[in-house]
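**Q** Handing you this structure, nothing more for now.
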Amino acid sequence: MEPHDLLLKCWVCGERFTFTTGEQQFYKKKGLSYPKRCKKCHNEKDNEFSY
């Protein structure tokens, strides 16, 4: 089966976001699970901890 982009739902804001085939390959290579937050929510969370 040929890989394809996935449409995931953000656990924080509930918006749907695209998880591209390139991102999927990167996550698999690094042994990571699928992202749970969209990029916007992920960046907002990271900004909470920056000084």
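The values are calculated or read from the model by the stated rules, or taken from the named source; none is laboratory data. Here the structure is a predicted model, which means the values were calculated and not measured. So basically every Cβ, Gly included, is an ideal-geometry build from the backbone, and we count neighbours across all protein chains shown. When the accessible area is computed, the model is the full protein with side chains, heavy atoms only, and any ligands, DNA or RNA have been set aside. Shrake-Rupley method; radii C 1.70, N 1.55, O 1.52, S 1.80 Å.
**Q** Counting only residues that are over 15 Å from residue 42 (Cβ atoms), open to solvent by 60 Å² or more (accessible area, probe 1.4 Å) and of a type in the set (A, V, I, L, M), how many does the range 1-31 have?
**A** 2
**Q** Is there any pair linking a residue in the range 17-40 that is over 14 Å from residue 4 (Cα atoms) to one that is open to solvent by 80 Å² or more (accessible area, probe 1.4 Å) and among the β-branched types (Val, Ile, Thr), with Cβ under 7 Å and at least six apart or on different chains, and which?
**A** 37/12
**Q** Here's another thing I want to ask about it. Count, please, the residues in the range 17-32 that happen to be within 10 Å of the chain's Cα centre (by Cα) and outside any loop (DSSP other than H, G, I, E, B). First the steps, then the outcome.
**A** Of the residues in the range 17-32, the ones within 10 Å of the chain's Cα centre (by Cα) are 17-20, 23-24, 27.
Applying the additional criterion that residues be outside any loop (DSSP other than H, G, I, E, B) yields 17-19, 23-24, 27.
Matching residues across the range 17-32 total 6.
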